[in-house]
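My questions will all concern the structure given below.
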Amino acid sequence: MATAHANIQALTAARFEMPAKFTQFCENGGQPLGGYIGGQSVPGSMNATFETVDPGSLDVLARVCEMGEAEVDRAVTAAQAAFAGNGVNGWRDFPVDERCELVMKLVELADRDRDVLLACEIHDGGKVSELAEGDVDQIRACAEYFCDVARRIPLGDGPSLDVADGVRGFTYREPWGVVAGIIPWNYPIVLTSWFMFPALLAGNCIIIKPAEDTPLSALYLAKLAEEAGFPPGVINVLPGRGELTGQAIAEHPGIRYISFTGSPGVGQHILRTCDRHGTRMKREMGGNGAAIVLDDADPEVVARMIGRHANQHFGQTCCTIHRVFVDQKIADDFIDAERHFFENLKIGYQAEEGTQLGAVINPTQMSRVLKAQSETVARGGQPVVAGGPAEVPGKKGFYVKPALYRTQPGVQCNPQEVFHTFATICPVSSAEQALELANSTPYGLGASVWTKDVDRGIALAKQLRDGTCQVNCHNSIAYGLPYGGQGISGGPGAGVNCEDTFRDYTQVKAVYVSEYPEA
Ligand code: NAD
């Protein structure tokens with residue numbers, strides 16, 4: 001249809017040439033890239049390396065050293081030393097303005113090397129440029145927001161209260177000390193920024209564990225941090241597998257607080273592990289996002305918008321729309337328009353002009369998605385767009401076609417996060433029925449309502465159980481508003497990107513003071 005609606009399209013690739021500086025970084029003079037501990041590149045005591053590949057071509061980008069238990073211990077020691085200094089000059093003692101200055105110096109260097117960081121996200125992370133550009137912008141946006149928060153939220157002594165005769169009490173807020181960020185592969189640079197900046201600005205030293213599929217951006221940021229002049233040990237990066245490097249982080253009692261983003265199963269496992277030695281943990285995990293489309297919506301326009309959100313990073317965004325509940329009055333037109341959108345997504349290599357649906361990150365993920373597609377049919381979903389493996393001429397990556405199914409109330413064909421351009425559409429008889437079905441899931445990350453009646457949309461959105469509820473938009477995230485999950489999608493604490501996120505990187509003690517008793 002030749003209307004303005006045709007402009008609503010999936011995020012799309014511009015052609016991207018790998019910059020020479022990225023290639024040099026990856027080649028590292030013929031040596032595997034080390035972890036970054038205490039201001040040094042560390043090969044690791046296990047002599048183990050792994051390859052990180054471009055998921056769209058399977059070209060090896062770099063060899064990376066895997067960090068084991070000994071390196072986790074070494075990083076904790078380095079971070080503890082950086083935190084405490086000689087008692088007066090540790091990272092915890094830096095005035096907030098000096099912390100902000102170093103963070104913003106790092107941001108300037110990231111701006112200078114933007115093309116290298118884009119190459120990390122496009123080639124290591126498998127993203128189209130339109131999304132990668134937005135992700136790299138988050139480095140500055142996140143740093144500026146948390147510098148502002150850090151200047152406004154004081155640490156140290158709170159106001160004093162008279163709590164009893166001759167006794168006063170006050171709060172004392174301080175950084176945890178050594179914290180860790182365990183990061184998934186789908187938004188490596190965004191999540192490294194989201195964890196690193198509030199943690200550092202609150203006075204903590206951090207250990208970052210990037211996902212084994214996407215270690216490059218965190219390692220490059222560590223290199224920039226060194227150039228920016230961060231004291232050794234304030235930022236440490238430990239690449240490696242979850243069950244090895246991640247597990248050693250979860251088991252280390254010297255780490256006081258862990259921020260985790262990833263799948264619910266892994267999050268629950270880490271929580272059980274670190275709880276044994278009293279390490280606090282915050283989890284941001286997967287979802288099975290719902291969209292409710294009311295009867296007054298224009299089916300063609302909303303199908304395009306929902307298609308765009310469902311395909312963001314090829315459906316590998318945590319709050320992606322996987323379940324749509326549409327009023328039965330407009331369901332046929334809506335399903336037809338969504339079919340058209342899904343069928344016309346341009347499948348291709350993520351660094352080639354025009355690609356809208358690139359490869360998934362690894363073979364495990366590819367088999368997971370294909371299995372979910374066949375299980376959806378086995379459970380009663382009627383294929384509208386059939387899915388299956390895809391071929392991209394000249395490329396060997398993990399390509400999968402999008403999948404769309406029609407379903408009906410009572411058919412449980414889409415119970416789990418699939419993490420691809422995959423959705424079920426269920427016609428419903430009322431908004432109330434849509435709401436009940438949307439909420440019938442243990443997940444609770446993101447959901448949306450689509451209607452011309454914004455007030456009705458807001459009233460319904462408030463009844464969704466998700467941590468982020470939206471009206472006529474879906475994947476919106478803004479600094480100042482918490483982004484977190486309910487149910488198995490997250491918790492505890494305030495989610496990310498708000499003032500409480502900063503507070504979560506601190507602990508508060510109550511201090512009571514009484515005069516010494518008279519003899
Ligand atoms: P994952 O849970 O498999 O891995 C996440 C991280 O945990 C990786 O760094 C991994 O190496 C590590 N890990 C794995 N096992 C571990 C263990 N035993 N101990 C310690 N660490 C371990 O997740 P993934 O496949 O990398 O990412 C996709 C998932 O992340 C999806 O469920 C997605 O929805 C979720 N996600 C959520 C958000 C959010 O903000 N809620 C954002 C992005 C991604």
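The values are calculated or read from the model by the stated rules, or taken from the named source; none is laboratory data. Values in this document were obtained by computation on a predicted structure and should not be read as measured data. Every residue, glycine among them, receives a Cβ derived from its backbone with ideal geometry; neighbour counts consider all protein chains shown. The area values use the complete protein model at the heavy-atom level, side chains included, leaving out ligands, DNA and RNA. Shrake-Rupley method; radii C 1.70, N 1.55, O 1.52, S 1.80 Å.
Confirm whether Asn204 is within 13 Å of Val72 (Cα to Cα), buried (at least 24 other Cβ atoms within 10 Å of the Cβ) and in contact with a Phe, Trp or Tyr (Cβ under 8 Å, 6 or more places away or on another chain). Spell out the reasoning first.
Details: within 13 Å of Val72 (Cα to Cα): no; buried (at least 24 other Cβ atoms within 10 Å of the Cβ): yes; in contact with a Phe, Trp or Tyr (Cβ under 8 Å, 6 or more places away or on another chain): yes.
When the stated conditions are applied, Asn204 does not pass them.
Could you tell me whether Ile292 is farther than 26 Å from Tyr36 by Cβ, open to solvent by less than 50 Å² (accessible area, probe 1.4 Å), over 21 Å from the mean Cα position of the chain (by Cα) and touching a residue at least 12 places away in the same chain (Cβ under 8 Å)? Don't jump to the end; show me each part of the working.
Values: farther than 26 Å from Tyr36 by Cβ: yes; open to solvent by less than 50 Å² (accessible area, probe 1.4 Å): yes; over 21 Å from the mean Cα position of the chain (by Cα): yes; touching a residue at least 12 places away in the same chain (Cβ under 8 Å): yes.
Judged against the criteria, Ile292 is a match.
I would also like to ask the following. Among all residue pairs at least 6 apart or on different chains, which show Cβ distances below 8 Å where the first residue, located in the range 314-332, is under 27 Å from Gly354 (Cα atoms) and the second is more than 16 Å from the ligand (Cβ to nearest atom) and part of a loop (DSSP other than H, G, I, E, B)?
That search, which allows pairs on different chains as well, returns Phe314/Gly358; Gly315/Pro402.
Just a yes or no: is a residue in the range 76-89 under 30 Å from Ala310 (Cβ atoms) and not aliphatic (A, V, I, L, M)?
First pass over the range 76-89, keeping only residues under 30 Å from Ala310 (Cβ atoms): none.
No - not one qualifying residue is present in the range 76-89.
What is the residue count in the range 375-402 for residues that are open to solvent by 20 Å² or more (accessible area, probe 1.4 Å) and within 20 Å of Ile335 (Cα to Cα)? Give the steps one after another, and end with the answer.
Restricting attention to the range 375-402, the residues satisfying the condition of being open to solvent by 20 Å² or more (accessible area, probe 1.4 Å) are 375, 377-380, 382-384, 386, 389, 391, 393-396, 398, 401.
This time we only want the ones that are within 20 Å of Ile335 (Cα to Cα), so: 377, 379-380, 382-384, 386, 401.
The number of residues fulfilling the criteria is 8.
So which helices (runs of 4 or more DSSP H) are wholly in the range 140-259 and hold at least 3 residues that are in contact (Cβ under 8 Å) with a residue 24 or more places away in the chain and within 11 Å of the ligand (Cβ to nearest atom)?
Working: elements: 188-201, 216-228, 247-251.
Those helices (runs of 4 or more DSSP H) span 188-201, 247-251.
Next question. Do you know which residues across the range 269-289 are in contact (Cβ under 8 Å) with a residue 24 or more places away in the chain and more than 10 Å from the ligand (Cβ to nearest atom)? Please lay out each step first, then the result.
Our first condition is that a residue be in contact (Cβ under 8 Å) with a residue 24 or more places away in the chain; within the range 269-289, this holds for 270, 273-274, 277-289.
Passing the criteria: His277, Gly278, Thr279, Arg280, Met281, Lys282.
A further question on this structure: Quick one: which residue in Phe146, Phe170 is open to solvent by less than 10 Å² (accessible area, probe 1.4 Å) and aromatic (Phe, Trp, Tyr)? Lay out the reasoning, then the answer.
Details: Phe170 fails: open to solvent by less than 10 Å² (accessible area, probe 1.4 Å).
Of Phe146, Phe170, the one residue that is open to solvent by less than 10 Å² (accessible area, probe 1.4 Å) and aromatic (Phe, Trp, Tyr) is Phe146.
Can you tell me which residues in the range 60-88 are free of Cβ contacts under 8 Å to residues at least 60 places away in the same chain and within 24 Å of Gly397 (Cα to Cα)?
Hits for the range 60-88 are Val60, Arg63.
I'm trying to understand the selection: among the residues of the range 28-58, which are without any contact (Cβ under 8 Å) to a residue 60 or more places away in the chain, assigned to a loop (DSSP other than H, G, I, E, B) and not small (Gly, Ala, Ser)?
Gln31, Pro32, Pro43, Met46, Asn47, listed by residue number.
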